[in-house]
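Peer 1: The following block contains the structure, expressed as structure tokens.
FYI, it's all coordinate maths here, none of it is from the lab. It should be emphasised that the depicted structure is a prediction, and the values quoted were computed from it without experimental measurement. Methodologically, a virtual Cβ is constructed for each residue, glycine included, from the backbone with ideal geometry; neighbour enumeration extends over all protein chains shown.
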Amino acid sequence: MCIACRSRYPQHTLIRLKQEGNDVIAYNGYGRSFYLCDICIKNEKKVKGLTKRFKLDEERFVKLLMELSQQVGSCDTSHSNEGVNQ
Ligand SMILES: [Zn+2]
């Protein structure tokens, strides 16, 4: 479940993160994790809300999300044409 919109999505389409101290990083296999969907990470308002909630540096958090979203997209080529005009 995405923590920003509380919608349920297949797990492989979600981005998995974890909070570590005062920071949020990519999930690295241990600790408490949470998920964000690729719709919310592209939603400026949702991202802003999350940066406030976790007291993060917005620019860095956005960069992390973009990197992770590219990784998610690259493992799922079967749906790569959805919503993409190429
Ligand atoms: Zn979401």
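Peer 1: Please find the FRET efficiency linking Q19 to Q70, where r is the Cβ-Cβ separation and R0 is fixed at 25 Å, and quote it to the nearest 0.05.
Peer 2: The pair Q19/Q70 has a calculated efficiency of 0.70.
Peer 1: Using the Karplus equation 6.51 cos²θ - 1.76 cosθ + 1.60 (θ = phi - 60°), what ³J(HN,Hα) coupling, rounded to whole Hz, does each residue of segment 15-29 give in order, writing x for Gly and Pro?
Peer 2: Working through the residues one at a time gives 9, 9, 10, 9, 8, 10, x, 9, 10, 10, 10, 5, 4, 10, x Hz.
Peer 1: Can you tally the net charge around N43? Count Lys and Arg as +1, Asp and Glu as -1, for every other residue whose Cβ sits under 15 Å from the Cβ of N43.
Peer 2: Result for the local shell: +4.
Peer 1: If you don't mind, another one. For a quick check: with amide H placed at 1.01 Å from N, whose amide H comes under 5 Å from Y9's, ignoring anything fewer than 5 positions away on the same chain?
Peer 2: C2
Peer 1: Show me 39-48, 23-32 ranked by packing, highest mean number of other Cβ atoms within 10 Å first.
Peer 2: So the peptides 39-48, 23-32, ranked by packing, come out 39-48, 23-32.
Peer 1: Separate question: What number comes out for the charge environment of C2, summing +1 per Lys or Arg and -1 per Asp or Glu over other residues with Cβ under 10 Å away? Display every interim value, and only then the final one.
Peer 2: Numbers: positive: R6, R8, K46; negative: D38.
Charge balance in the 10 Å sphere: +2.
Peer 1: A follow-up question, please. Amide H neighbours of L14 under 5 Å, counting only residues 5+ apart in sequence or on other chains, H built in-plane at 1.01 Å?
Peer 2: Here the answer is none, since no amide H 5 or more places off falls under 5 Å of that of L14.
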